[in-house]
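Undergrad: Before I ask anything, let me first share the structure, which is written out below as structure tokens.
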Amino acid sequence: MKSPFVVCGATGNIGSRVAELLLAAGEPVRAVGRERVRLGPLASKGAEPWPGDLGDTAFLEKVFSGARGAFILIPPKYDAPDFREYQDRIGASLASALSKARVPRIIALSSWGAHLAEGTGPILGLHDLETRLSTLKDADVVVLRPAYFMENHLWSLPLIRTQGINGSPVRADVPFPMVATEDIAAATALLFVEGTFHGHAVRYLLGPRDLTMSEATRILGEAIGKPGLRYVQFSEEDARKAMTAGAGMSASVVEAMLEMQRGFNAGIVRPTRERSVESTTPTTLERFSKTAFAHAYRAAA
């Protein structure tokens, strides 16, 4: 009987797809999530449900024991009172458990900009996670550095519906890569199934092309029947109020997000390599906007 793959964050956009793809390929999967009930759909497809806290190192040691490989991440926690402390606690727990369980193959969800040690807000926690993983000398590790998630545009739906505009503190004219989470999941599952990675490596996932927020807003608007949708750059103060009151983010998370957006505007959050065939992923924003974004827009009516 084959040893299982562990998928952390198995109820999220990426983790759930990774688990489903591995199960479809006939691979055994241990699905890790906060709540047992939300792991039900994966359990019905054959996954072992492992509900628990990624900050519980003893729990993770049991999950990782005997595993052939593990997909790990630091899940978002937008209400964390001290976001850096939360990231540090989860990252330390993951690295410790992986080391003690001697997991031979690890794929970690990081981010573009994770090579930087300052000025990137929430990405700093992923920089620290990468540093911890670099000490696992007996494991083969791939660190995935995807760019801006296309799914982040879903946060704009209330603004589009109520005010008829899209906006954020990010400059309208700065082009950057945008990637669909389904492509991140596909790349992860393929790496595990092929089983050909060795040593420690970084892989960027950058979507099909770079886009500015103005260009992205036009594409999103056309998909929902609003071809004239405008993008507006908000002040940090206006964004701070919206993220606190509208999105329920803690002050710590809000300040981290604003720092990251300053990094976008300054051009410091960027890939360290030129776009390549390997880093270019297939899902276009046009396709995403006509499917996931348009569906969510209609569902919010």
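The values are calculated or read from the model by the stated rules, or taken from the named source; none is laboratory data. Everything numeric here is computed off the predicted structure, so don't read it as measured data. Backbone-built Cβ (ideal geometry, glycine too); neighbour counts: all protein chains shown. Side chains are part of the model used for accessible areas, which takes the heavy atoms of the whole protein and leaves out ligands, DNA and RNA. Shrake-Rupley method; radii C 1.70, N 1.55, O 1.52, S 1.80 Å.
Undergrad: Which order do His153, His127, His295 take when ranked by solvent-accessible area (1.4 Å probe, heavy atoms of all protein chains), largest first? Show your work: numbers first, answer last.
TA: Working: His153 5, His127 40, His295 120 Å².
Result of the area sort, largest leading: His295, His127, His153.
Undergrad: Among Gly33, Trp112, Pro49, flag the residue with its Cα farthest along the positive direction of the charge dipole of region 1-150, charges on Cβ as +1 for Lys/Arg and -1 for Asp/Glu.
TA: Toward the positive end, the furthest listed residue is Pro49.
Undergrad: Let me ask another. Per-residue HN-Hα couplings for region 118-135, Karplus 6.51 cos²θ - 1.76 cosθ + 1.60 at θ = phi - 60°, whole Hz, x for Gly and Pro?
TA: Listing the rounded values in order: 6, x, 10, x, x, 5, 4, x, 7, 4, 5, 4, 4, 4, 5, 5, 5, 8 Hz.
Undergrad: Provide Thr135, Thr284 ordered by accessible surface of protein heavy atoms (probe 1.4 Å), highest first.
TA: The residues order as Thr135, Thr284, largest area first.
Undergrad: Also: How would Trp50, Trp112 rank on accessible area, largest to smallest, probe 1.4 Å?
TA: Putting Trp50, Trp112 in descending order of accessible area: Trp50, Trp112.
Undergrad: Using modelled backbone amide H atoms (1.01 Å from N, in-plane), which distant-in-sequence or interchain residues come within less than 5 Å of Phe71's amide H?
TA: Val6, Val7, Cys8, Ile107
Undergrad: Let me know the number of lysine pairs in the chain closer than 23 Å at the Cα, not counting same-chain pairs under 8 apart.
TA: Here the count comes out as 9.
Undergrad: Now, a different point. Given H placed on each backbone N at 1.01 Å, which residues far from Tyr204 in sequence or on other chains put an amide H within less than 5 Å of it?
TA: Here Arg145 satisfy the definition.
Undergrad: In debye, nearest 20, what is the charge dipole magnitude of the chain about its Cα centre with +1 on Lys and Arg Cβ and -1 on Asp and Glu Cβ, if you could check?
TA: Details: 34 positive and 32 negative charges, 113 e Å.
My answer is approximately 540 debye.
Undergrad: Can you send over the solvent-accessible area of Val193, 1.4 Å probe, protein chains only, in Å² to the nearest 10?
TA: 70 Å²
Undergrad: Any idea of Thr280's accessible area? Nearest 10 Å², probe 1.4 Å.
TA: Rounded to the nearest 10, the figure is 50 Å².
Undergrad: What list of ³J(HN,Hα) values in whole Hz, one per residue of region 258-273 in order, does the Karplus curve 6.51 cos²θ - 1.76 cosθ + 1.60 (θ = phi - 60°) give from phi, with Gly and Pro shown as x?
TA: Calculated HN-Hα couplings, in order: 5, 4, 4, 5, 4, x, 4, 5, 7, x, 8, 7, 7, x, 8, 10 Hz.
Undergrad: Right, here's the next one. Taking only C-alpha pairs under 8 Å that are 6+ residues apart, what is the relative contact order of region 155-254 in percent?
TA: Over region 155-254, the number comes to 36 percent.
Undergrad: Once amide H atoms are placed 1.01 Å from N in the peptide plane, what residues at a sequence separation of 5 or more from Tyr148, or on another chain, have their amide H within under 5 Å of its amide H?
TA: The answer is Val179.
Undergrad: Below 8 Å between Cα atoms, with a sequence gap of 6+, how large is the relative contact order for the chain in percent?
TA: For the chain, the relative contact order is 18 percent.
Undergrad: Among DSSP bridges having both ends in the chain, what percentage is antiparallel? Round to the nearest 5.
TA: 5 percent
Undergrad: So what does Arg203 come to for accessible area, using a 1.4 Å probe and Å² rounded to 10?
TA: Counting only protein heavy atoms, Arg203 exposes about 50 Å² to solvent.
Undergrad: Starting at the first residue of region 284-292, write each ³J(HN,Hα) from the Karplus equation 6.51 cos²θ - 1.76 cosθ + 1.60 with θ = phi - 60°, in whole Hz, x for Gly and Pro.
TA: 7, 5, 4, 5, 4, 5, 7, 10, 4
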